[in-house]
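This report refers to the structure that appears directly beneath it.
Bear in mind these aren't lab numbers, they're just calculated from the coordinates by the rules spelled out. Since the model is a prediction, treat every value here as computed from it, not as a measurement. Note: ideal-geometry Cβ built from the backbone for every residue, glycine included; neighbour counts use all protein chains shown.
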């Protein structure tokens, strides 16, 4: 396996060969049917569902379920829930107040907690467009 160490060297080169350890489990990858994937994704479409907890209950990895959801959305099989995306609540559960600013014929709607620098950039971009 290794060469004898010469007297003028302070290190020794060792060659390692990777092999399966005796007694290590031999497992094949699990294959999930398209029907199971569709049922799993459908079970997580409700905005009140904790996706990680649902995945653990199904006996799969949460990252696997998130991947299936992402793939289903890309393929157009499901769409994001409109209640989950429109007006996300702030920390207290209320929608953040918005401010409307009219610049010519354009109306800009921004959150009341927008930073001054960000607001200046938005107004500049609208005026230059």
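Using R0 = 35 Å, the C-beta based FRET efficiency linking residue 10 and residue 30 works out to 0.10.
Would you please give the FRET efficiency between residue 49 and residue 71, computed as 1/(1 + (r/R0)^6) with r the Cβ-Cβ distance and R0 = 22 Å, to the nearest 0.05?
FRET efficiency, residue 49 to residue 71: 0.75.
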